[in-house]
Each structure stands twice: as structure tokens, then as C-alpha cells.
Amino acid sequence: FLPRFITASLFSRCTKITFFGKRLQDMWVPREGWTHDFILCFQGFFLTVSPESILKVAKHASDHNKTFGLNLSAPFISQFFKDPLMKVLPYVDVLFGNETEAATFAREQGFETEDIEEIAKRVQNLPKVNKNRQRVVVFTQGSEDTVATVVTRFPVVDIDQRDIVDTNGAGDAFVGGFLSELVQDKPLEQCIRAGHYAANTIIRRSGCTFPDKPDFQ
């Protein structure tokens, strides 16, 4: 079986993998040097095609004290792929999602609350394998403040509604911006500021595109 689509982007110590296939668990072998500080981040969509693969990588990250991130990606992941999601979650060091994905996750887990801050707290406190890293939960809310644990609200970048061209890819851009600072060991506030910048840039353009020279500082 050959994968129908695989993309791997390597930036410094951060690898983000998107894959639609079913045999990555047989193909994926940790490279030499991956036992050092390294960030691995997956889209929740991966759980729909190869949960064994993501679990294998998650366990590797935990065993070697590397940061493992997961994006909830869409509400249906928490609804219809609940079992594989909850098998992976104990290995997740950084969890990303938006307010709709957070609310769906909470409802499926029986949290009985729609308060985003409370949901973030509860997700942070769910069982975790690697006790050396406290789980960080980051929930964006469109034009409203981003919520992150230890629960703090971070204002988004102001934008005139008339300047919004296309919101597709805004969430992924946020994750990319966040990780670009996390791999440099920057504090949470700086990571979120970079995420806000990337998302704000994406929504001003048609398609998931960036300017030639980003001006983030």
C-alpha cells in the first residue's frame, strides 16, 4: 500500500506531518538525532485514517521527552473518532482547537459546561503520560480572545472586517506561528502572539498564502 498523499515540512526542530494513508506505522522510523529536543505536531484528521501511526509517534515523543502537539482540526473528530483521540490525548503536550471544536470535545466528554476557560482547564488536567511536561491547551475564538492554560486570555490582532478576504487556513496558520516560537523556547505569550500574527496575515489574502517577507517581530 502506497500513501496517497504525504507532506512533511521540517523547520529547525519542528516537524509537521499531514498524511492520508494507512501504513505509516510500518514506514515511520525515528531518525538519528530525534532523541533530542524536537517538536512533533499532527492534525486531528490523521486519526481518521491511521490512528496506529499517530499513537506510535506520540509514544516515541513521550518516551524521549519531546514535545507532541495535536490540533483537534474539526468537531467531527471528537464526535466520531472519540476512541482513537482519547488514546492519543494522554501523550499530547500541546493541544490546539477553536471554540467550536472545544465545545464539541467538552460535550462528548460529558464536561457539562460551554465555558471555554473551564473546558481548557479540564482538558489540561486529563491524564497525561509524560509528567515532565505540563499540558498546554490553546483554544482560539475567531475575533474573540484566545484562551490558553494556565488559563489566560490573549487579545487577537484587530482587523477591519472589510479587510477579511478568506478565513480558510487561519487555524492552521495560528498553529504554525505558535510552533515557530515554541521551537525557540519562547514563552507562551510570544507563541500566541506569533500565532495571531500568522492567522491575521492569512485571512487578508485569497487562499492559504503568505507575503514574500513576513514582518513579525
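The values are calculated or read from the model by the stated rules, or taken from the named source; none is laboratory data. Keep in mind that what you see is a predicted model, and the values were worked out from it rather than measured. Don't worry about glycine lacking a Cβ; one is built from the backbone with ideal geometry, like all the others, and counts go over all protein chains shown.
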- line: Checked region 112-129 for anything within 21 Å of Pro90 (Cβ to Cβ) and not in a loop (DSSP other than H, G, I, E, B); matches are Glu118, Ile119, Ala120, Lys121, Arg122, Val123, Gln124
message: Can you pull out every residue in region 160-171 that is out of contact with any helix residue (DSSP H, G or I) (no Cβ under 6 Å at 6 or more places or on another chain) and either touching a residue at least 12 places away in the same chain (Cβ under 8 Å) or within 20 Å of Val92 (Cβ to Cβ) (or both)?
response: Asp163, Ile164, Val165, Asp166, Thr167, Asn168, Gly171
- prompt: Would it be correct to say that Thr146 is out of contact with any Gly (no Cβ under 7 Å at 6 or more places or on another chain), surrounded by 13 or more Cβ atoms within 10 Å (Cβ to Cβ) and assigned to a helix (DSSP H, G or I)?
  reply: no
query: What about Gln109, is it farther than 15 Å from Gly171 by Cβ, surrounded by 14 or more Cβ atoms within 10 Å (Cβ to Cβ) and of a type outside the set (Lys, Arg)?
result: yes
message: Kindly evaluate Asn132 against the criterion of being closer than 24 Å to Lys87 by Cα, in a loop (DSSP other than H, G, I, E, B) and out of contact with any strand residue (DSSP E or B) (no Cβ under 6 Å at 6 or more places or on another chain).
response: yes
- request: Could you list all residues from region 61-111 that are part of a helix (DSSP H, G or I), touching an Asp or Glu at 6+ places or on another chain (Cβ under 8 Å) and modelled with pLDDT under 95?
  value: Ala61
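Quick grid of which residues meet (1) closer than 21 Å to Phe45 by Cα; (2) in contact with a helix residue (DSSP H, G or I) (Cβ under 7 Å, 6 or more places away or on another chain); (3) crowded, with 20+ Cβ neighbours inside 10 Å; (4) hydrophobic (A, V, I, L, M, F, W, C):
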site: Ala173; (1), (2), (3), (4): yes, yes, yes, yes
site: Lys186; (1), (2), (3), (4): no, no, no, no
site: Ala198; (1), (2), (3), (4): no, yes, yes, yes
site: Lys213; (1), (2), (3), (4): no, no, no, no
site: Gln217; (1), (2), (3), (4): no, no, no, no
- prompt: Can Arg193 be described as within 25 Å of Ala58 (Cα to Cα), basic (Lys, Arg) and buried (at least 17 other Cβ atoms within 10 Å of the Cβ)?
  reply: no
statement: The condition of being assigned to a loop (DSSP other than H, G, I, E, B), more than 16 Å from the chain's Cα centre (by Cα) and under 14 Å from Ala148 (Cβ atoms) holds, among Lys213, Lys186, only for Lys186
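Going by the structure shown, is Val175 part of a loop (DSSP other than H, G, I, E, B) and touching a strand residue (DSSP E or B) at 6+ places or on another chain (Cβ under 8 Å)?
Considered against the rule, which asks whether it is part of a loop (DSSP other than H, G, I, E, B) and touching a strand residue (DSSP E or B) at 6+ places or on another chain (Cβ under 8 Å), Val175 comes out as no.
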field: Among the candidates Asp115, Asp83, residue that is of a type in the set (Asp, Glu), closer than 22 Å to Gly171 by Cα and surrounded by fewer than 17 Cβ atoms within 10 Å (Cβ to Cβ)
entry: Asp115
